[in-house]
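Take a look at the structure set out below.
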Amino acid sequence: MTVGRKSRGYDAAKKINGRKRHITVDTLGLPVMITVTPADIQDRDAARDVFWRLRLTQPQITQIWADRGYASDLVDWARERLWLSLRIVSRPKGVKGFVVLPRRWKVERTIGWCMNARRNARDYERLPQHSEAHA
């Protein structure tokens, strides 16, 4: 494996060994920003860096839809520090099994597009910046 120990980790909840990609997409599902982190970093912790970079590079974006992994004090932090409206997309209560969630399926589709490339399916890149540039 060519990936250094400092840039990879293990996320027990998602059963991922290596790296995670945090993807921000527009309303069509086209990638706006991709950040690659070690897998052991929680989504809500990585989101602060992602939202900060998003605010600097795309100041016209004012509203973000996210899943429950980004809930907690992150909603207040984004509103107070970055003037971003963070809205959490939740599963409907009482529903069992697979459910297509509004707005979230676009991100899942984009992840599928990115992972379709063999180079993105494995951690071939030594630096996370190279993975970000390729995805």
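The values are calculated or read from the model by the stated rules, or taken from the named source; none is laboratory data. Note that this is a predicted model, so its numbers are computed, not measured. Using ideal geometry, Cβ is built from the backbone for each residue, glycine included, and neighbour counts are taken over all protein chains shown. With ligands, DNA and RNA removed, areas are computed over all heavy atoms of the protein, side chains included. Shrake-Rupley method; radii C 1.70, N 1.55, O 1.52, S 1.80 Å.
Among the helices (runs of 4 or more DSSP H) confined wholly to segment 45-124, which include 1 or more residues that are modelled with pLDDT of 90 or more? Spell out how you get there, then give the answer.
Values: elements: 74-82, 104-115, 118-121.
Fully inside segment 45-124 and qualifying: 74-82.
W52 passes every criterion in (1) more than 23 Å from M115 (Cα to Cα); (2) without any contact (Cβ under 8 Å) to a residue 24 or more places away in the chain; (3) among the hydrophobic types (A, V, I, L, M, F, W, C); (4) surrounded by fewer than 15 Cβ atoms within 10 Å (Cβ to Cβ) apart from (2). Looking only at segment 23-49, which residues are within 20 Å of L82 (Cβ to Cβ), open to solvent by less than 10 Å² (accessible area, probe 1.4 Å) and not hydrophobic (A, V, I, L, M, F, W, C)? Answer for segment 23-49, where residues must be within 20 Å of L82 (Cβ to Cβ), open to solvent by less than 10 Å² (accessible area, probe 1.4 Å) and not hydrophobic (A, V, I, L, M, F, W, C): just T35. For segment 93-106, what are the residues that are charged (D, E, K, R) and touching a strand residue (DSSP E or B) at 6+ places or on another chain (Cβ under 9 Å)? Matches in segment 93-106: R103, R104, K106.
In the set S85, S90, S72, only one residue is in contact with a strand residue (DSSP E or B) (Cβ under 6 Å, 6 or more places away or on another chain) and among the polar types (S, T, N, Q); that residue is S85.
Between residues in segment 55-73 that are more than 23 Å from R91 (Cα to Cα) and without any contact (Cβ under 8 Å) to a residue 24 or more places away in the chain and residues that are surrounded by fewer than 16 Cβ atoms within 10 Å (Cβ to Cβ) and of a type in the set (S, T, N, Q), which pairs lie under 8 Å by C-beta distance while being six or more apart or on different chains? Close Cβ pairs (under 8 Å, with a partner that is surrounded by fewer than 16 Cβ atoms within 10 Å (Cβ to Cβ) and of a type in the set (S, T, N, Q)) amount to T62/S85.
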